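A.B. asks: Dropping the structure in here first, questions after.
Please treat every number below as a calculation from the coordinates, not as lab data. Keep in mind that what you see is a predicted model, and the values were worked out from it rather than measured. Every residue, glycine as well, gets a Cβ built from its backbone with ideal geometry; the counts of neighbours run over all protein chains shown.
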Amino acid sequence: MALEKLTLAQVNWIDEIVPHSEQFDDFYFNTDGGLQEIEHTFIQPNRLTERFLECRSEQAFRIAETGFGSGLNFLAVSSLWLAKNPTNAQLHFISFEKFPMPLADLQKAHQAYPQLLELAEVLQNQYPLLMPGWHDIWLFKGRVRLTLWFGDVLKGLPECDASPGSRVDVWLLDGFTPGKNPDMWRPGLYKEMSRLSHAQTTFSTFTSAGDVRRGLQAAGFAVHKASGYGKKREMCFGQLEQQRPYSLKAPWFSRPEPIETGTAIVVGAGLAGASVAYKLAEAGWKVTVLEEKESVASAASGNLAGTVHPLITADWNLRSQWYLQGFEATLRTLLPWLESKEIQGNLRGMVQLLVTETSLERVKESLIRVGLPEALAVWLTASEASEKIGGQVTAPGLFFPNGGWLNPPSVVKRCLQHESIRVCTSESVNRIENNSDSESRQAWSVVTQSKKQSQALEADIVVVATGSLNADLNAQLGLPIRPVKGQVSHLEADQQTFPLKYPLTHAGYSSPCGNGRAVTGATFEAPDLGEVVSLEGHLTNLATANSALPNWINASAESLQGRIAFRPTTPDHLPIFGAVPDKAWLQEAYLSQSHTHAVYRYQAQRYQKGLYVSNGHGPRGLMSVFLAAESILAELEGSALVQPLSLYHASHPARFTIRQWRSGK
Ligand code: SAM
């Protein structure tokens, strides 16, 4: 599903202080007393102060708002949450915005509220890229999670999961008056509200228009009128009275049951395994990481440099949406480590050279159809690109200001440096067994073979992150992963005529990797599984680099060192992560049934409880493993998804089997 190009808000400033929407000819909030209006219209009718005081649960308190606007509601509610909630619980605020405000307007709107300025600055500093789709940011020391959907609310709501731990506690219906914005106040809005609510869910809105009240009632809400704020005569508020039945749209991708925090075994100490181990350890799990090689990060995650950047497609397709989220998740975790020099790399920019007609056309089309904001990508002519890189390049390209390069082994090591993580190297996994038939109190046994002995380790959960080369294990788990061999060539400082000022991608990639050295590559040599660095590989890498950077390399292929790794690729070029389905049950409940029944007739998916995977990260592991790790943690906790539903489904371990069956093949 491609997302529509964003149109930004056109804000008129009345008296330089009051924001007014050009698109809707309406005010964002009351011209006198914006905060009192929020108190009257949203905070009091939903009893937010009392409910925040009472909220002690481990689960988040979830508020959803139609129309983020300047974020004033969000700031006022967050401020109340921080002042009143006595625990470490999390406020999860989801807001939908079809016409996002440019940052400068957002900042200007906040200036009128000095009491919120401290919080406002935190929001301004993390305001997401103005790109369509879902953005997650964690604010105020993690006490508040803001999920912002940039796009129409009626497209965003169906992307929200209605599992028990994801339901909305309070709806704030903002979004301009129905007379001026009839497109938003549609029956689809109220139906989605009902799907995502629970028995105690409340709502309030500044309007009491008859259509709105009837729409809410038809969707199962009890609706009460009250006097409105300021000049508004009436408003309405209420509670879910009766939930209408609804069925899952994709029962085969339904979410697994949560599991209580305990012990975990992670198999594989590359980027995928290390990132999961880290996120689990941070959440209180005791983690053992098993690695068959003698050291961590010794397979696909062992290269000296990997590039980090968004993925541009002509129509901002599912993969672009996926990798923008993955990129944001990576930056969230890694920027602080980069700043404190705990990992090696540089995320202050990178260049994508458009060396083929196809890539050039794709980007030109994307600039028109998607409208890439400059904070994401800036167009460079070939001479501008040459200036950026510090030497001649042969093609125009894009500059990604937040992209760059990272040294994957340093990321792996930093992740594993946690007091709740124990790393065991030279431990080759023979079998992973479910203990349900034994007397063991832990759900899983992992039988390993080290040089000296065989042993069985036990844990509540197992996460398999073994990459591409363990074909038996991948087949056992039903993962269609193909290893694609790649050789990189290493260049010493004196083998380059100039140092690259930024990393770049072309038909391959060339990147600095610290101390004046650089890496260039990588070959694509599937189905070869040979592990010896070859002269042919270096020759290919030199030819690829020379065609993009004709004057850069000053070395013969014979003089080069290099490295071989295998990218774990999948048929649809997206990673695979999450709970592993119960194979026999999947066969019985879906594959042996007709694929043409109405969706509601199929049962929800069943999983091998406590067994997870994170694999298939291909050449883009740096842009996907942290999102995968956050997603697995959300499954374990039963908390809200870290992705919109369509991207969650696109990452599901059963997707290939299910797609084939559903297409009748
Ligand atoms: N809550 C906001 C604040 O605190 O600043 C004020 C919201 S303003 C009254 C209404 C917002 O709804 C506008 O920003 C507008 O762009 C947005 N909006 C209108 N129609 C929408 C739609 N169909 N989907 C998502 N947002 C929409």
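A.B. asks: Per the Kirkwood formula on distinct C-alpha pairs, the Rh of the stretch 421-478 is how many angstrom?
C.D. replies: By the Kirkwood definition, the hydrodynamic radius is 12.5 Å.
A.B. asks: Run the helix sum for the chain: -39,500 (n - 2.57) per DSSP H stretch of 4+ residues, divided by residue count, reported at 222 nm to the nearest 500 deg cm²/dmol.
C.D. replies: My calculation for the chain gives -8000 deg cm²/dmol from helical runs alone.
A.B. asks: Out of all DSSP beta bridges with both ends in the chain, state the antiparallel percent to the nearest 5. The partial results should precede the final answer.
C.D. replies: Working: 73 of 113 bridges.
Bridges in the chain that DSSP calls antiparallel: roughly 65 percent.
A.B. asks: Using 0.36 nm times the number of residues separating Glu492 and Ala375, minus their current alpha carbon distance, what extension gain do you get?
C.D. replies: 38.8 nm
A.B. asks: Continuing with the same structure: Starting from the amide H of Tyr509, placed 1.01 Å from N in the peptide plane, find each other amide H under 5 Å away whose residue is 5 or more places distant or on another chain.
C.D. replies: Those lying under 5 Å, H to H, from Tyr509 are Gly521, Ala522.
A.B. asks: Kirkwood Rh, the chain, all Cα pairs: how many Å?
C.D. replies: The Cα-based Kirkwood calculation yields 26.7 Å.
A.B. asks: Moving on to the next point. Considering the stretch 342-389, what Rg and Dmax in Å follow from its alpha-carbon atoms?
C.D. replies: For the stretch 342-389, the Cα radius of gyration and maximum Cα-Cα distance read 12.8, 40 Å.
A.B. asks: Moving to a separate point now. If each residue's Cβ is checked for other Cβ atoms within 10 Å, how do Val351, Val532, Val580 rank with the fewest at the top?
C.D. replies: Going from least to most buried by this count: Val532, Val580, Val351.
A.B. asks: Considering the Cα positions of the stretch 30-183, please state its Rg to one decimal place and its Dmax as a whole number of Å.
C.D. replies: Final numbers for Rg and Dmax: 14.8, 41 Å.
A.B. asks: With a 10 Å Cβ neighbour count serving as the proxy for reagent exposure, in which order, fewest first, do Arg233, Arg319 appear?
C.D. replies: Final ranking by Cβ density, sparse to dense: Arg233, Arg319.
A.B. asks: Can you list the lysines whose alpha carbon sits under 30 Å from that of Lys98, skipping same-chain ones fewer than 8 residues off?
C.D. replies: Lys5, Lys108, Lys141, Lys155, Lys180, Lys191, Lys225, Lys231, Lys232, Lys249, Lys364
A.B. asks: Counting Lys and Arg as +1 and Asp and Glu as -1, what is the net charge of the other residues whose Cβ lies under 14 Å from the Cβ of Ala112?
C.D. replies: In short, -4.
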